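Working notes for the structure below.
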Amino acid sequence: MSASHGGSTVGSALVKRGLADMLRGGVIMDVVNPEQAKIAEDAGAVAVMALERVPSDIRRDGGVARMSDPQMIKDIQAAVTIPVMAKARIGHFAEAQILQALDVDYVDESEVLTPADEENHIDKWAFTVPFVCGATNLGEALRRIGEGACLIRSKGEAGTGNVVEAVRHLRTINAQMRRLASADASELFALAKDLQAPLPLVQEVAETGHLPVPLFCAGGISTPADASLVLQLGAEAVFVGSGIFKSEDPVRMANAIVEATTHYSDAAVVAKVSTGLGSAMRGAETSTLETRLAERGW
Amino acid sequence: MRVGVLALQGDVREHVAMLHEVGVTATTVQRPEQLDNLDGLIMPGGESTAIAHLLGTSGLREPLAQRMAQGLAILGTCAGLILLSTTVIDGRLDQWSYAALDVAVRRNGYGRQTASFETELDVVGVGMVPGVFIRAPRIDSVGPGVDVLARHDHGDGLHPVLVRQGAVWGASFHPELTKDTRVHRLFLDSI
């Protein structure tokens with residue numbers, strides 16, 4: 001929702017997407033307290049995601065995962081100068097309203113939390129705060145953008161430390177965009193139907209060759225090499241959840257992933273920062289998981 | 001003319017596209033040797049703490065300071081302005097900056113993201129241009145050698161948003177996020 005006062009407009013698509021543009025080439029880190037938020041900022045994170053439990057703990061603990069306690073979000077906002085994001089459940093617009101009232105910088109309508117609505121996502125156009133949403137394919141990404149998302153992240157499989165799903169989702173989105181770019185105008189109607197995506201957005205991707213909003217990567221990134229991989233596959237920035245604070249040496253891991261993200265195409269730099277890092281988070285084989293978070297949202 | 005865009009983090013692509021649009025070949029800068037032979041440099045928007053950190057780890061911090069001392073023309077937008085300023089208010093306790101532009105900036109001086117805004121700005125010698133402010137730094141004061149090229153009234157009086165001190169230019173806003181190339185042209189014409 002945009003609003004004008006005295007010649008200035010807040011909440012426009014340009015200023016919402018603009019913050020995502022500023023985060024490009026950076027690392028957004030999951031943090032559960034102000035101390036972790038400081039470590040993230042010290043290491044060069046471009047933003048932090050404030051949540052009560054990182055995805056691997058949500059996975060372990062089970063139960064309903066909800067929006068974080070506002071006090072915890074406020075404490076993290078007070079601790080750092082970089083943007084603070086927070087998660088709302090899919091479809092839970094009241095949680096999103098609370099996060100907007102708390103003045104968070106981005107709301108993640110996230111499959112990592114337990115969905116609140118199995119049919120509808122949040123009407124994100126109704127908000128001044130911008131939203132990021134996950135996607136496993138192009139149709140899902142364009143449906144979220146149609147609902148007002150200003151940033152898309154490939155979902156991956158959060159909390160596993162396994163990058164395989166993130167790679168699958170990025171490759172799928174990119175392959176489907178290439179298909180649109182090579183289609184002729186009359187094919188786009190049927191392709192929009194197959195993708196179950198709004199036709200104007202399908203036509204826009206066919207014209208430009210990329211999403212109308214930035215595309216970041218999330219879910220399973222746990223080493224500098226993982227960051228380099230997904231950036232080379234076309235992600236413009238990375239979200240790292242459990243991968244930092246579940247590793248043996250979070251400070252070094254955070255620094256290393258930040259540097260690998262900036263210099264992702266320079267293997268000598270990625271090799272240097274990968275050296276002697278200690279062990280990454282333990283991780284899980286995704287084929288044995290009981291709950292596939294990426295299947296939440298549609 | 002060879003103009004670089006500091007490419008450690010942030011909206012590098014938009015600046016490169018702006019330069020391309022006005023017929024200037026841009027080079028991206030990630031390593032010290034890439035500063036050689038540049039006539040100008042753009043420091044993009046992004047997170048100033050992250051870019052400052054990466055200037056250190058990439059070995060660019062000192063070589064860039066030397067090029068500034070030699071008079072390299074520089075345009076900093078948003079985070080770039082913060083990094084060029086003499087005084088940074090509301091930053092991290094250990095926040096450093098190049099002190100190449102005699103201004104005091106307040107980080108997130110207009111508020112957090114929900115206060116980010118678009119407006120129109122009257123730029124000296126150019127006319128009305130779109131101004132996009134994203135968690136923008138606010139220029140609280142300028143030193144005697146600083147020219148103010150645009151001001152904005154955010155409901156509490158006019159204050160500078162585009163400034164120049166010799167070869168060093170700073171903008172609180174993001175001309176690169178719009179299709180209007182005139183602020184970039186103004187900077188390039190000065191080189």
Keeping the other protein chains in place, figure out the carbon and sulfur percent of the accessible area of chain A, with a 1.4 Å probe.
51
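Give the interface area between chains A and B as buried accessible surface, both sides summed, probe 1.4 Å, in Å² to the nearest 100. Walk me through the numbers before you get to the answer.
Values: alone 12610 and 8640 Å², together 18140 Å².
Roughly 3100 Å² of accessible surface disappears when A and B pair.
Solvent-accessible area per residue for chain B at a 1.4 Å probe radius, Å²?
Values: 7080 Å² over 191 residues.
Accessible area per residue: 37 Å².
Per residue of A:39-48, what is the mean number of Cβ atoms on other protein chains within 10 angstrom of that residue's Cβ?
Numbers: counts 0, 0, 5, 4, 4, 11, 4, 8, 2, 0.
For this peptide, the per-residue mean of nearby foreign Cβ atoms is 4.
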Count the net charge of all other residues whose Cβ sits under 14 Å from the Cβ of residue B:153, scoring Lys and Arg as +1 and Asp and Glu as -1.
-1
Going by amide H atoms built from the backbone, whose H comes under 5 Å of the H on residue B:121, apart from near neighbours?
B:129, B:131
Can you tell me the order of B:6-13, A:199-206 when each peptide is scored by its average per-residue count of other Cβ atoms within 10 angstrom, highest first?
B:6-13, A:199-206
What is the sum of charges around residue A:24, taking Lys and Arg as +1, Asp and Glu as -1, for the other residues whose C-beta is under 10 Å from the C-beta of residue A:24?
-3
Please name which of B:35, B:181, B:72 has its Cα lying farthest along the dipole of segment B:2-189 towards the positive end, using unit charges on Cβ (Lys, Arg +1; Asp, Glu -1) and the Cα centre as origin.
B:35
Counting sequence-distant residues (5 or more places) and residues on other chains, those with an amide H built under 5 Å from that of residue B:92 are none
Using the heavy atoms of the protein chains and a 1.4 angstrom probe, tell me the accessible area per residue for chain A in square angstrom.
37
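Any idea what the dipole of segment B:1-108 comes to, in debye rounded to 20, about its Cα centre with Lys/Arg Cβ at +1 and Asp/Glu Cβ at -1? Before the final figure, lay out the partial values.
Details: 8 positive and 11 negative charges, 22 e Å.
Dipole about the Cα centre, nearest 20: 100 debye.
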Please express the Cα-Cα pair-distance distribution P(r) of segment A:1-120 as a list of whole percents, one per 10 Å bin, running from 0 to the bin with the greatest distance.
13, 40, 36, 10, 1, 0
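Once R0 is set to 41 Å, what does the formula 1/(1 + (r/R0)^6) return for the Cβ-Cβ distance between residue B:1 and residue A:196, expressed as a FRET efficiency to the nearest 0.05? Provide the component values of the computation, followed by the final result.
On the way: r = 48 Å, r/R0 = 1.18.
Efficiency, rounded to the nearest 0.05: 0.25.
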Across the Cα atoms of chain A, what radius of gyration and what greatest pairwise Cα-Cα distance (Dmax) are found, in Å?
18.3, 57
Placing each pseudo-label 7 Å from Cα in the direction of the beta carbon, residue B:25 and residue A:272 end up separated by a distance in nanometres of 2.7
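Hey, what number do you get for chain B at 222 nm if only DSSP H runs of n ≥ 4 count, each worth -39500 (n - 2.57), divided across all residues, to the nearest 500? Let's see the in-between values first.
Values: 5 runs with 43 residues, N = 191.
After summing the helix terms and dividing by residue count, I get -6000 deg cm²/dmol.
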Once amide H atoms are placed 1.01 Å from N in the peptide plane, what residues at a sequence separation of 5 or more from residue B:76, or on another chain, have their amide H within under 5 Å of its amide H?
B:43, B:169, B:170, B:171
So which residues in segment A:251-273 end up with at least 40 square angstrom less accessible surface once the other protein chains are there, compared with the chain by itself, probe 1.4 angstrom?
A:259, A:262, A:263
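Please give me the summed charge of the neighbours of residue B:191: other residues whose Cβ is under 15 Å from its Cβ, Lys and Arg +1, Asp and Glu -1.
Values: positive: B:2, B:67, B:164, B:185; negative: B:39, B:189.
Net local charge, residue B:191 excluded: +2.
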Probe radius 1.4 Å, ligands and nucleic acids ignored: give me the carbon and sulfur share of the accessible area of segment B:2-189 as a rounded percent.
47
Computed ³J(HN,Hα) along segment A:15-27: with the Karplus parameters 6.51/-1.76/1.60, θ = phi - 60°, integer Hz and x for glycine or proline, the list is 6, 5, 5, x, 5, 4, 4, 5, 8, 4, x, x, 10
Just from its helices, what would the mean residue ellipticity at 222 nm be for chain A, if runs of 4 or more DSSP H residues each count -39500 (n - 2.57) and the sum is divided by every residue, rounded to the nearest 500 deg cm²/dmol?
-12000 deg cm²/dmol
Here the residues of segment B:57-95 lying in the modelled label zone of residue B:191, meaning backbone nitrogen under 20 Å from a point 7 Å along Cα-to-Cβ, are B:60-61, B:63-85
For segment A:199-211, 3J(HN,Hα) per residue [Karplus equation, 6.51 cos²θ - 1.76 cosθ + 1.60, θ = phi - 60°, Hz, x = Gly/Pro]
4, x, 6, 4, 5, 5, 5, 4, 6, 8, x, 9, 5
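The values are calculated or read from the model by the stated rules, or taken from the named source; none is laboratory data. Only a predicted model underlies this, so the values are computations on that prediction, with no experimental measurement involved. Ideal geometry is used to build each Cβ from the backbone, glycine not excepted, and the neighbour counts take in all protein chains shown. Only protein heavy atoms, including side chains, enter the accessible area calculation; ligands, DNA and RNA are left aside. Shrake-Rupley method; radii C 1.70, N 1.55, O 1.52, S 1.80 Å.
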